[in-house]
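Visitor: My questions all concern the structure below.
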Amino acid sequence: MILARLPSFLLAALALVPAALSAATAVVRGPYLQSATPTSLVIRWRTDNADASYVRHGLAKDQLTLTAKAEGITTEHVVQLNGLTPGTQYFYSVGGAPEKPNADGDDKPLKSPIYAFTTPPPVGPAKATRVWVLGDPGTKNAAQLAVRDAYTKFAANRPADLWLMLGDNAYPDGTDYDYQKAVFEIYPETLRTIPLWPALGNHDGHSANSDTQSGPYYDMFTLPTRGQAGGVPSGTEAYYAFDYANIHFICLDSHHTERTPDGAMMQWLKADLAATTREWIVAFFHHPTYTKGTHDSDRERQLIEMRQNFLPVLEAGGVDLVLTGHSHVYERSFLLDGHYGQNETFDATAHVKQPGDGRADGTGVYRKPRGRVAHAGEVSVVTGSAGHASNKPVPLNQRAMWISLNEAGSTILDIDGLKLDFTFLNEKGEKRDWFTIEKQ
Ligand SMILES: [Fe+2]
């Protein structure tokens, strides 16, 4: 309609504009960082037009002397960088094929701005590590943005080394569009600088299938199936493990994968726990073992099965921290062991390894022996309010919990040597819970 009103000489001039210029390729998703190991990293991005996949990188902004690429022309770019130096900052730019002579000079290949990432340190030795944990973030609403901004301010001088999403990452259905709006357009800076390790939630499962490894969740994430980031190969992206310094992370699929005691996920978990020699074990999955928030762990199948079947194995394997979401509240337990029944069966004498708040400035930090000692105690945390808290009253009477809050917020872990400091930060930037686990 507007074109029809243009003078004919302008229309003629527009017709001469080279197609390549009018259809200049742009990055429309990412870049984002996946499957980081001390010596390798996967960088992904999406372009509006099909293009080649190149990552130029190097140790200084003006020295992107290394090139990694993937074969073919695509809009979904997945490039693995290998041969990296552990614990080292790299600068990078993503884009199409390297500059080539061009007749009119207009058809420049795509080059993104220059970003930076730092490779994980060597596996084994301790290194001060910060982890940002988001449960149920992807609401696209004001609470999600407030939680993000509160963390950004909190971590301005010490950003995270890695971040976890505990499932229901993009509402309502975990579709490609939902992820675009609720994840990629909300956290672009974090996505391109810090490796993200996600878990599958029930809303992600509306559009994804763990058995066939298909659907948007499985299409957009590159997760270790062969044990390439540490741990025993799981053979699936639905559940996996990875190491970072002296920490072993275990991600389980509490939604779609079979949760029986003799299922494949359980067999893998037992093997993986038996094999790790890291000092700390952090497990994360979507459905909480204990909650009385917007969900009830006495009544819902996934939650009961994670508590009855998986928690005993995790505790026997020496797990230190269990992070979950699904319930849009914050609930944090005492240092616990052996509580696998319903809420009314909780027995403080039998199930609390150490009472109190776990705080150095309170009743004292939680203490555990060094190494992976079976049934030495774990703290269970429901941190499922990174997208919103409950808008209705919730019971919050889970007896295993030291504190229960109906507040939006996210969780920050600071693990340094034999000490783990935990913070729950609400959407106003207030530290609403904290505790420490120390090993000796
Ligand atoms: Fe959920």
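Visitor: Which value does Rg/Rh take for the chain over its C-alpha atoms, Rh per Kirkwood?
Guide: Ratio value, two decimals: 1.03.
Visitor: Right, next: With the cut-off at 27 Å, tell me which of the pairs 270/439; 69/270; 127/153; 368/392; 140/428; 140/419 have Cα atoms farther apart than that.
Guide: Values: 270/439 23 Å; 69/270 37 Å; 127/153 23 Å; 368/392 38 Å; 140/428 17 Å; 140/419 35 Å.
From 270/439; 69/270; 127/153; 368/392; 140/428; 140/419, over 27 Å: 69/270; 368/392; 140/419.
Visitor: Relative to the Cα centre, what is the charge dipole magnitude of the stretch 127-269, using +1 at the beta carbon of each Lys and Arg, -1 at the beta carbon of each Asp and Glu, and rounding to the nearest 20 debye?
Guide: Taking the Cα centre of the stretch 127-269 as origin, the dipole is about 680 debye.
Visitor: Ok, one more. Putting +1 on Lys and Arg Cβ atoms and -1 on Asp and Glu Cβ atoms, find which of 362, 382, 275 reaches farthest to the positive end of the dipole of the stretch 273-414.
Guide: Toward the positive end, the furthest listed residue is 275.
Visitor: Using the alpha-carbon centroid of each, what span in Å lies between the stretch 173-202 and the stretch 230-292?
Guide: Spelled out, the Cα-based centre of one part sits 21 Å from the other.
Visitor: While we're on this one: Can you tell me what share of the DSSP beta bridges in the chain is antiparallel? A percent to the nearest 5 is fine. Write down the numbers at each step before the final one.
Guide: Details: 65 of 88 bridges.
Looking only at bridges with both residues in the chain, the antiparallel portion is about 75 percent.
Visitor: Can you give the relative contact order of the chain as a percent, counting alpha carbon pairs under 8 Å and 6+ residues apart? If you can, show how the numbers build up before the last one.
Guide: On the way: 1146 pairs, mean separation 62.2, N = 440.
Averaging sequence separation for qualifying contacts and normalising by length gives 14 percent for the chain.
Visitor: Could you sort 348-361, 176-189 so that the peptide with the highest average Cβ count within 10 Å comes first and the rest follow in order? Don't skip to the end; give the middle numbers.
Guide: Working: 348-361: 15.4, 176-189: 18.1.
So the peptides 348-361, 176-189, ranked by packing, come out 176-189, 348-361.
Visitor: Sort largest first and round to whole Å: the equivalent ellipsoid semi-axes of the stretch 277-370, each the square root of five times a Cα gyration tensor eigenvalue. Kindly include the intermediate steps, with their values, before the conclusion.
Guide: Details: eigenvalues 92, 51, 37 Å².
After diagonalising the Cα gyration tensor, the semi-axes are 21, 16, 14 Å.
Visitor: For residue 59 and residue 141, calculate 0.36 nm times their separation in residues minus their Cα-Cα distance, and state this gained length in nm to one decimal. Mind showing how you got there, number by number?
Guide: Numbers: separation 82, 0.36 × 82 = 29.52 nm, distance 3.79 nm.
This chain segment gains 25.7 nm when fully extended.
Visitor: For a distance above 22 Å, tell me the whole-number percent of Cα pairs in the stretch 290-440 that qualify. Could the numbers behind the result be given before it?
Guide: On the way: 4117 of 11325 pairs.
Roughly 36 percent, once rounded to a whole number.
Visitor: Right, another one. How compact and how long is the stretch 26-118, expressed as Rg and Dmax of its alpha-carbon atoms in Å?
Guide: Here Rg and the maximum Cα pair distance are 13.1, 43 Å.
Visitor: Same structure, new question: Provide Rg over Rh for the stretch 212-276; use the alpha carbon set for both Rg and the Kirkwood Rh (inverse mean inverse pair distance). Mind dumping the intermediate values first?
Guide: Values: Rg = 11.7 Å, Rh = 12.2 Å.
The Rg/Rh ratio comes out at 0.96.
Visitor: Taking Cα pairs under 8 Å and at least six residues apart, what relative contact order does the stretch 293-359 come out at, in percent?
Guide: Across the stretch 293-359, relative contact order equals 35 percent.
Visitor: A further question on this structure: From the backbone phi of the stretch 267-272, what are the Karplus-calculated ³J(HN,Hα) couplings (6.51 cos²θ - 1.76 cosθ + 1.60, θ = phi - 60°) in whole Hz, Gly and Pro given as x?
Guide: Along the stretch 267-272, the couplings run 4, 5, 4, 4, 5, 5 Hz.
Visitor: Do me a favour and compute the ellipsoid semi-axes for the stretch 163-320 from its Cα gyration tensor, root of five times each eigenvalue, largest one first, whole Å. Please report the intermediate quantities before stating the final value.
Guide: On the way: eigenvalues 110, 77, 43 Å².
Values for the stretch 163-320, descending: 23, 20, 15 Å.
Visitor: Can you spot the aspartates and glutamates whose alpha carbon is less than 18 Å from residue 111's alpha carbon? Ignore those fewer than 8 places along the same chain.
Guide: 48, 51, 62, 71, 76, 99, 189
Visitor: In degrees from 0 to 90, rounded to the nearest 10, what is the angle of the helix 142-154 Cα long axis to the longest principal axis of the chain?
Guide: 80
Readers should treat all values here as calculations from the given coordinates under stated rules, not as data from a laboratory. This one's a predicted model, so the numbers in the text were calculated from it and none came from an experiment. Virtual Cβ from ideal backbone geometry, glycine too; neighbours counted across all protein chains shown.
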